[in-house]
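For reference, the structure discussed in these notes is given below.
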């Protein structure tokens, strides 16, 4: 008789969840130790090359790099932990005993799915509280070749902005809002893709909801003439946020901050497809841990003595790694604007969720 309860046996559910979690985190610990050592070997020369850096800076690098490695390889660890757990249970005929007791394939996998939901929630919280801050700090440290990071002076150097067909470059951007100042401005005035003139200004500041450029040098491409002007009003409708929010990274901002940044960038007319893909991937990325028991379930079923246990484990591993390839590809397409952000973040997850469920239903038959 088939037991229709979600967890037919609480003891079996806790037993399988414990096996799954212990093996997954053991695999994660082993992976992180090896990968951190290899990564440190590659970066230690650059870190110690800066005058004054010692072993303390090496440990600082480890503390900043390790959260990134944990976030990246946690889903891999869940996949391998699931395969080890299910292959061991199959090898010891425990799966056969469960099925003989009337427990279905879905009920066997259910404790692992529930445990992986906890892992996904833990992963999301870890990414929000630890990984984003570590990434921001590490990127700033790498930008100065592992030397002392200067304090933020509020000055943003070398900012590029696209406004309509024109390209605008500012050597320095100071201030914020209506107090924003542009120093060393170069405007590439274009019609379509054709350059009409190059306007250079020493200073640009806000005045009457537009920009007042002073110290101008204007070069007309068609005539080859060059004109100097003391001042000119320009850029009505060009919001200062387009300069002050020129550099936003989805990896360096938490969920709420990134949502606000995307909203502000949209108000300025900026393209936010890449940031929106990263925004939604902050949810779909941790949830990939839930897929791993489903994709690796093929290793649990089938008789171990048939000699196909290893082949089934390889197939489960292949399905898991195929998901990671598809996920990275879709995210790259989303960053390029080829896929809509929602599709880039969620399509691989939904596709492999259906694929894993199809394999499990086929196993039931």
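General remarks:
- Pair-distance distribution of the stretch 157-244: all C-alpha pairs, bin width 10 Å, starting at 0; shares per bin in whole percent are 18, 53, 26, 3.
- 0 to 90° range, to nearest 10: angle between helix 10-49 axis and the chain longest Cα axis: 40
- In terms of other Cβ atoms within 10 Å, 98, 37, 333, 16 run from fewest to most in the order 37, 333, 98, 16.
- Percent RCO, i.e. relative contact order, over the chain, from Cα pairs under 8 Å lying at least 6 residues apart: 17
- When you restrict to C-alpha pairs under 8 Å that are six or more residues apart and normalise by the size of the stretch 157-244, the relative contact order lands at 22 percent.
- Top of 274, 94, 228 by mean-square fluctuation, Gaussian network on the chain, Cα under 10 Å: 228
- Cβ-based exposure ranking for 281, 106, in which fewest neighbours within 10 Å come first: 106, 281
- For the residues 298, 70, 198, a GNM of the chain with alpha-carbon springs under 10 Å puts the largest fluctuation on 198.
- With Cα atoms, 0 to 90° folded angle of helix 105-126 axis to the chain main axis: 30
- Mean residue ellipticity at 222 nm, helices only, the chain: -20000 deg cm²/dmol; runs of at least 4 DSSP H residues each add -39,500 (n - 2.57), and the sum is divided by the number of residues.
- Choice from 222, 110, 134 with maximal GNM fluctuation in the chain (Cα, 10 Å cutoff): 222
- With all pairs of separate Cα atoms included, the chain yields a Kirkwood hydrodynamic radius of 24.4 Å.
- Residue 22 versus residue 172: modelled label distance in nm, points set 7 Å from Cα along the beta carbon direction: 6.2
- Residue exposure sequence - 63, 24 - by fewest surrounding Cβ within 10 Å: 63, 24
- Counting only alpha carbon atoms, the long axis of helix 132-143 and the longest principal axis of the chain meet at about 50°.
- FRET efficiency for the pair residue 143 and residue 350, taken as 1/(1 + (r/R0)^6) with r the Cβ-Cβ distance and R0 = 56 Å, rounds to 0.90.
- Estimated FRET transfer efficiency when R0 is 51 angstrom, pair residue 220-residue 37 (beta carbons, to 0.05): 0.25
Read-outs: derived from the displayed coordinates by stated rules, not from any lab. No experiment lies behind these values; they were computed from the predicted model shown. Every residue, glycine as well, gets a Cβ built from its backbone with ideal geometry; the counts of neighbours run over all protein chains shown.
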